[in-house]
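J.: First the structure, which I've put down as structure tokens, then a few questions once you've had a look.
The values are calculated or read from the model by the stated rules, or taken from the named source; none is laboratory data. As the structure is a prediction and not an experimental result, all values here were calculated from the model. No Cβ is skipped: glycine too gets one built from the backbone with ideal geometry, and neighbour counts run over all protein chains shown. Keep in mind that these areas ignore ligands, DNA and RNA; they rest on the heavy atoms of the full protein, side chains included. Shrake-Rupley method; radii C 1.70, N 1.55, O 1.52, S 1.80 Å.
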Amino acid sequence: AELAGIARGHGALFHTDAAQAVGKIPVDVTALGVDLLTLVGHKFYAPKGIGALYIREGVALEALIGGGGQEQGRRAGTENVPYAVALGAAAELAGADLAAGSADRLARLRGRLQRELQMRLPGRT
């Protein structure tokens, strides 16, 4: 959020790659203050090949590939509806996991791994 504020204060857009975060920790684009946020579905149960770009309201982007009206005129080409539906379902599953405490469970596992490595490999960081 601090970096997004600095960027906005200098008239720059702020994009964050949240591929590793979404589905593992809570992500709130409003609290972060980002203009753009990318996520990839295969990091949280969706099939490989589907992702999403959050675009803050009021941010204008040029079309990536001209010629069609898909994606609000930002990209031409056939939309992969089954994968888009799978992304939505995966996001719901990931949200339910987070609500059930998966982030805390992962933090405990990470801590356990770190302690075991430090014990078994002393003097290494």
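J.: Applying the selection to region 5-20, what residues are in contact (Cβ under 8 Å) with a residue 12 or more places away in the chain and assigned to a loop (DSSP other than H, G, I, E, B)?
T.: LEU13, PHE14, ALA18, ALA19, GLN20, listed by residue number.
J.: Go through (1) part of a helix (DSSP H, G or I); (2) under 23 Å from GLY23 (Cβ atoms); (3) open to solvent by less than 100 Å² (accessible area, probe 1.4 Å) and name the single condition GLU79 misses.
T.: (1)
J.: Identify the residue in region 26-50 that is in contact (Cβ under 8 Å) with a residue 12 or more places away in the chain and open to solvent by 90 Å² or more (accessible area, probe 1.4 Å) and, among all such residues, is nearest to ALA90 (Cα to Cα).
T.: Once the filter is applied, the top-ranked residue is TYR45.
J.: Check whether at least one residue in region 85-99 is over 20 Å from ALA19 (Cα atoms) and of a type outside the set (Ser, Thr, Tyr), and report yes or no.
T.: no
J.: Cβ-Cβ below 6 Å, separation at least six or inter-chain, first residue in region 101-122 and within 28 Å of PRO26 (Cα to Cα) and in contact (Cβ under 8 Å) with a residue 12 or more places away in the chain, second of a type outside the set (S, T, N, Q) and surrounded by 11 or more Cβ atoms within 10 Å (Cβ to Cβ): which pairs?
T.: From region 101-122, the pairs are ALA103/ILE25.
J.: Still on this model: Of the conditions (1) assigned to a helix (DSSP H, G or I); (2) open to solvent by less than 70 Å² (accessible area, probe 1.4 Å); (3) within 24 Å of HIS15 (Cβ to Cβ), ALA107 satisfies every one except a single condition; which number is it?
T.: The number of the failed condition is (3).
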